[in-house]
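Here's the structure we're looking at; comments come further down.
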Amino acid sequence: MTSKHRIAREVHIVRRPDGPLSADDFVVAEQPLADLAPGEFLIANRLLSIDPVRRVFFANGTAPLNAGLHSFAIGQVLESRHPDYAPGEIVGHYRGLRDLAIGRGEETRKIPVGEDPLEWHMGPLGVGGFFAYVGLIEAARVRPGESVLVSSAAGSVGSLAAQLARLIGCRVVATVGSPDKQAWLTDVAGVERVIDYKRGDWRERLAAALPDGLDVYFDNVGGAQLDAALSLINPHGRVAVCGMVSTYDSVAPFSERAGAWTWRMMTSQVELKSYHVRDHQRLWPAFQRSVGDWLRSGAIRTETQVLDSLEAVPQAFVDLIAGKGLGKTVVRLS
Ligand SMILES: NC(=O)c1ccc[n+]([C@@H]2O[C@H](COP(=O)([O-])OP(=O)(O)OC[C@H]3O[C@@H](n4cnc5c(N)ncnc54)[C@H](OP(=O)(O)O)[C@@H]3O)[C@@H](O)[C@H]2O)c1
């Protein structure tokens with residue numbers, strides 16, 4: 001069968017959320033596929049990535065209404081008119097949130113099929129894992145013996161950042177939003193100092209966990225936790241700005257969401273460094289080697305929440321932003 005006889009099922013957003021995201025903001029729709037043009041290939045998606053940053057795109061207009069949404073996905077090439085992609089190959093790409101996708105080779109990575117679980121390439125060996133690696137190594141230039149704070153530390157990016165900092169020899173403090181996540185980090189991931197920021201006295205406990213101040217803050221959340229981290233940061237400290245998930249579902253005007261401690265950055269000559277992995281691709285082989293070895297040896301532990309249908313995607317976004325997931329959330333289609 002050629003691709004023109006196929007119908008893809010894809011997730012659409014049907015209205016812009018102006019309050020907390022709701023599963024009713026989405027539908028699953030059918031889309032007939034055109035025949036493959038030269039340079040195109042048909043992919044059957046196997047794993048779809050659920051990422052909190054999509055919430056920003058749903059609201060700000062980057063994600064189109066009533067059209068297929070994009071997200072990272074891993075799938076298998078079914079048919080190909082592209083010289084570099086053969087049927088059977090496993091590829092990672094950004095035309096996700098649908099069961100069948102047409103690839104053209106841009107922003108596409110071949111995934112090595114070996115003994116490793118495919119889910120690792122959505123999390124610790126994937127783009128989110130690379131953000132953790134680049135943020136610590138390149139943006140924050142973390143060194144053994146330094147104190148490192150990681151927020152959303154039971155999430156996909158944060159759990160790798162916290163464990164990498166521990167393996168580098170840092171004194172790691174982590175924040176999470178539930179006792180279950182706290183228990184996973186201490187009991188499974190080997191991160192000893194974990195603070196639940198939803199308990200009232202979290203700022204005092206954070207200060208107590210960092211008696212010599214903070215050298216590096218790996219920031220996944222922005223907002224009040226960024227403020228608290230800056231209140232404790234040492235001279236010449238560094239903040240790797242990976243994301244600001246505390247603001248993604250906020251209805252407050254953007255200008256009112258920032259922290260109040262930035263004056264300390266100036267007086268203490270702190271570097272707050274935003275970064276994007278696209279400018280650090282030369283680190284990809286070293287990242288795959290070291291994180292892959294640590295995963296296989298069990299030195300780094302990882303958690304994946306697996307859902308099983310496109311219909312589960314809307315609630316998966318709502319639950320991820322609400323803090324219900326541990327580790328990486330993916331949808332497995334086959
Ligand atoms: N995944 C990627 O490929 C990628 C790439 C680039 C950048 N990033 C950024 O990296 C950060 C982490 O991404 P991730 O994919 O690993 O997702 P994640 O950390 O699992 O994001 C969901 C978590 O965010 C936390 N959260 C939600 N609302 C919050 C609030 N108001 N205050 C504080 N924390 C809140 C919750 O954890 P708690 O229960 O602990 O609050 C929730 O479980 C995000 O800012 C994201 O934009 C991700």
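Shown are ASP84, ASP249, ASP201, whose ranking by accessible area with a 1.4 Å probe and every protein chain present, most to least, is ASP84, ASP201, ASP249.
For region 24-39, the Karplus equation 6.51 cos²θ - 1.76 cosθ + 1.60, evaluated at θ = phi - 60°, returns couplings of 6, 6, 10, 9, 9, 10, 9, 9, x, 9, 6, 5, 5, 8, x, x Hz by residue, with Gly and Pro reported as x. For the chain, what D do you get in µm² per second when you plug the Kirkwood radius from alpha-carbon pairs into Stokes-Einstein at 4 °C and 1.567 mPa s? Once the numbers are plugged in, D ends up at 62 µm²/s. Label zone (ALA207, point 7 Å along Cα-to-C-beta; backbone nitrogen cut-off 14 Å) within region 217-252: 228-233. Electrostatic bookkeeping for GLY155 treats Lys and Arg as +1 and Asp and Glu as -1; over the other residues with beta carbon under 9 Å from its beta carbon, the sum is +2. Per residue, the solvent-accessible area of region 127-278 (1.4 Å probe, heavy atoms of protein chains only, all protein chains present) comes to 42 Å².
Spin-label model, SER290 to ASP227: label points 7 Å out along the Cα-to-beta-carbon direction sit 3.5 nm apart. Run the accessible area of region 1-63 with a 1.4 Å probe and give the carbon-and-sulfur part as a rounded percent. Solvent-exposed carbon and sulfur of region 1-63 make up 53 percent of the total. Within the assembled protein chains, the solvent-accessible surface assigned to TYR85 is about 20 Å², based on a 1.4 Å probe. Along the axis of the charge dipole computed for region 127-278 (Cβ charges of +1 for Lys and Arg, -1 for Asp and Glu, origin at the Cα centre), the listed residues PRO179, ALA165, ALA153 are led at the positive end by ALA165. Shown are HIS93, HIS236, whose ranking by accessible area with a 1.4 Å probe and every protein chain present, most to least, is HIS236, HIS93.
The charge dipole of region 185-242, taken about its Cα centre with unit charges on the Cβ atoms of Lys, Arg (+1), Asp and Glu (-1) only, comes to about 100 debye. Put the Cα centre of region 110-146 next to the Cα centre of region 281-334 and the gap is 11 Å.
The values are calculated or read from the model by the stated rules, or taken from the named source; none is laboratory data. This is a predicted model, so every value here is computed, not measured. Backbone-built Cβ (ideal geometry, glycine too); neighbour counts: all protein chains shown. Note: areas computed on protein heavy atoms with side chains; ligands, DNA, RNA excluded. Shrake-Rupley method; radii C 1.70, N 1.55, O 1.52, S 1.80 Å.
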